[in-house]
Structure formats: structure tokens, C-alpha cells
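Asker: There's a structure below that I have some questions on.
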Amino acid sequence: MIRIAIQSKGRLSEESLALMSEAGIRIDAIKRKFLARAADFPLEVLYLRDDDIPGVVAGGSADLGIVGYNEVAETGADVRIVRRLGFGACRLSLAIPKEQEYTGPAFFEGKRIATSYPNVLSGWLRANGVNAQIQKIMGSVEIAPAAGLSDAIFDIVSSGGTLVSNGLKEVETVLESEAVLVAGTLDADKQAILDKMLFRFDAVMESGGKKYILMNIPTDKVQEAVKILPAMRSPTVMPLAAEGWCSLHSVVLERELWDKIERLKALGAEGILVLHLDKVID
Ligand code: ATP
Ligand code: MG
């Protein structure tokens with residue numbers, strides 16, 4: 001049995017549970033208790049506030065955790081980052097009132113900066129040789145300058161919309177973050193369960209952004225089409241009943257899909273089908 005801590009309510013909760021469910025690990029999310037058992041995998045879930053996750057994993061009360069890298073950096077907890085999970089992308093940035101001119105890190109000398117991330121901020125200030133006063137506040141950091149509590153803020157930014165609507169501009173990005181899977185010290189049994197989970201997680205993440213494509217193509221164009229469509233090993237080519245035609249199957253990156261389809265059509269491809277990929281196991 002392995003225990004994983006995930007955020008109980010918030011921006012990472014749904015996607016953390018979705019990742020596990022796509023990996024075939026189903027947890028009863030309707031009756032969300034403090035501790036829940038997976039139906040068909042030796043795992044239990046501990047629902048916590050995100051701030052508590054790194055410390056609980058480092059302390060051994062949970063074996064694994066899914067949490068924003070920003071929280072790992074802030075707590076400085078002694079955990080191992082096992083995987084970057086590709087969701088919950090954001091950054092920790094310094095922002096100042098938009099009408100002020102930004103002159104570089106020295107701008108912050110002697111200023112008051114409001115933040116919920118004092119440790120990450122003091123690291124950046126030290127690295128840049130700046131002395132500033134850190135004002136720790138746990139919520140609504142973005143209104144601190146307008147309320148006269150600070151001269152600048154250091155906070156989570158994703159689209160930047162919140163900054164703009166509060167009359168602020170982002171001037172320094174200090175830390176890029178996304179959700180990460182973290183682990184504490186694991187014995188051999190737990191490591192084996194984690195390896196099994198990772199095999200499934202990797203298959204789920206690998207399928208993201210990819211599509212399965214199949215089409216009919218004149219046999220004499222197959223060589224050229226194969227050059228456009230490198231697959232995991234190479235595309236699958238099958239003869240069709242109709243003389244002179246083949247069926248060609250491959251996996252392509254979604255962002256390259258339209259470009260490839262246009263080139264394949266120009267070669268004479270017909271009946272092109274694009275299908276959703278559920279899992280990719282290399
Ligand atoms: P909790 O009640 O669990 O302490 P919280 O309010 O501290 O929740 P959320 O706002 O749910 O936290 O954010 C959780 C994590 O989601 C953040 O730590 C960060 O890693 C990530 N995240 C991604 N985009 C954003 C964003 N635009 N604003 C805030 N957090 C974001
Ligand atoms: Mg929190």
C-alpha cells in the first residue's frame with residue numbers, strides 16, 4: 001500500500017484525480033473524505049491543503065504527493081521530484097504598478113514587497129544583492145500596492161490577467177512552475193508500486209498532444225509518405241484489396257497535424273482519418 005497526498009480543493013485537485021483515473025486508479029471523489037482508498041490499486045489518497053503536501057511527504061506521513069513546484073520550492077521540503085506532470089503551469093513573478101519605470105533588480109532596493117512566498121523571494125533578493133522588506137500576506141496579494149500595503153508584489157502569475165486588472169505589470173520571472181509528483185523515502189515494496197504507477201502515468205502523458213492518423217495512399221507514394229510520418233518505430237503499411245493502393249497508419253504530434261495532412265493530400269492520400277489516442281506505451 002502506498003499513500004499519496006493531493007490537494008483537497010483547488011486548482012490542482014481535478015487534474016490530479018483525472019491523471020490517476022486515466023491511469024486506471026479510481027478513487028471515490030464524490031464522498032471526498034480525509035483519507036480514501038483506491039478501488040483497484042494498492043493506494044490510498046490523503047486530501048490536504050497544497051501548502052501542507054511537501055512537508056507531509058518529507059515527514060513520511062504520505063509517501064507521494066502531487067503539488068505545485070512553487071510549493072516545493074517555498075517549503076524547501078526534502079522530497080524527490082519524480083515527474084513533472086504537465087498541468088498547473090504558472091510562474092512566480094515580481095510585479096510593480098504599471099506607471100512606474102522598471103530599471104532592473106535595483107528597483108526593489110528599500111521597497112516593500114508583498115508575497116505569500118517569502119522564502120523564494122528572499123533567495124532571489126539575496127542572489128541579486130537587493131535589500132527589500134518582505135511583507136508576508138497569505139491572500140489577495142495583488143491588491144496590496146493599491147491598498148498601500150506594499151510597493152510591489154511577488155506572486156503566482158498564469159495568464160497575467162489578474163495583474164492587469166489590478167494596474168500592475170510583471171517585471172521579473174523568478175520561478176517557472178507546474179504540478180510535480182514528489183516522493184519521500186520509499187522501501188522496496190512502495191518503490192515497486194510507484195514504478196507501476198509511473199509506467200501508467202507516462203503512458204497517459206505520452207498520449208497528450210498526439211493523434212493516430214490513417215489514410216489510403218497510392219503504393220508508389222508510400223516511400224515519400226513515410227518520410228513525412230515518422231512513427232514510434234515506423235508507420236504501418238498494409239496493402240488494400242484495390243490494386244495499387246495501401247493503407248498507412250501512424251502517430252503524429254497534434255501541432256504538426258495540419259501541415260502533415262496537407263503534404264499527404266498533395267501526395268494523393270485519400271480517406272484520411274484522425275483518431276484520439278488514449279494511451280501510448282513505448
Ligand atoms: P489550498 O486551499 O489547497 O491551500 P490554494 O488557494 O493555496 O489552495 P490554489 O489556488 O488552488 O491554491 O492553487 C494551487 C496551485 O495551482 C498553485 O500552488 C500553483 O502551483 C497552481 N496554479 C496554476 N495556475 C495558477 C494560478 N493562476 N493561480 C494560482 N495558482 C495556480
Ligand atoms: Mg495553499
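The values are calculated or read from the model by the stated rules, or taken from the named source; none is laboratory data. Here the structure is a predicted model, which is why all the values come from computation and not from measurement. Counting neighbours? That spans all protein chains shown, and the Cβs are built from the backbone with ideal geometry, glycine included. Note: areas computed on protein heavy atoms with side chains; ligands, DNA, RNA excluded. Shrake-Rupley method; radii C 1.70, N 1.55, O 1.52, S 1.80 Å.
Asker: Hey, which lysines would be in cross-link range of residue 211, C-alpha to C-alpha under 28 Å, not counting anything within fewer than 8 residues on its own chain?
Answerer: 196, 221, 227, 260, 265, 279
Asker: If the chain between residue 195 and residue 102 were fully stretched, how many nm would it gain, using 0.36 nm times the residue separation less the Cα-Cα distance?
Answerer: 28.7 nm
Asker: If a/c stays under 1.5 just call it rounded; otherwise compare a/b with b/c (prolate if a/b is bigger, oblate if not). Do that for segment 209-276, with a ≥ b ≥ c from the square roots of the Cα gyration tensor eigenvalues. Write down the numbers at each step before the final one.
Answerer: Numbers: a/c = 1.72, a/b = 1.57, b/c = 1.10.
It comes out prolate by the Cα gyration axes.
Asker: So if I restrict to the alpha-carbon atoms in segment 35-97, what is the Rg, and what is Dmax, the biggest pairwise distance, in Å?
Answerer: 13.9, 52
Asker: Work through the residues other than residue 37 whose Cβ is under 9 Å from its Cβ and net out their charges, Lys, Arg +1 and Asp, Glu -1.
Answerer: Counting the neighbours of residue 37, the net charge comes to -2.
Asker: For residue 240 and residue 223, calculate 0.36 nm times their separation in residues minus their Cα-Cα distance, and state this gained length in nm to one decimal.
Answerer: In short, 4.5 nm is gained.
Asker: Write down the accessible area per residue of the chain in Å², having rolled a 1.4 Å probe over the full set of protein chains.
Answerer: On a per-residue basis, the chain sits at 52 Å².
Asker: If you average over every viewing direction, what projected area does the convex hull of the Cα atoms of the chain give, in nm²?
Answerer: 20.4 nm²
Asker: Could you look at segment 90-176 and say what percent of its accessible area is carbon and sulfur, using a 1.4 Å probe and all protein chains?
Answerer: 48 percent
Asker: Still on this structure, I have one more. Quick check: residue separation of residue 149 and residue 136 times 0.36 nm, minus the Cα distance between them. What number comes out in nm?
Answerer: 3.6 nm
Asker: Given only helices, namely DSSP H runs of n ≥ 4 each adding -39500 (n - 2.57), what is the per-residue ellipticity at 222 nm of the chain, to the nearest 500 deg cm²/dmol?
Answerer: Value at 222 nm, helices only, nearest 500: -8000 deg cm²/dmol.
Asker: So what is log10(I(q)/I(0)) for segment 90-176 at q = 0.17, 0.19, 0.26 1/Å, when the Debye sum runs over its Cα atoms only?
Answerer: Once normalised to I(0) and log-transformed, intensities are -0.59, -0.75, -1.56.
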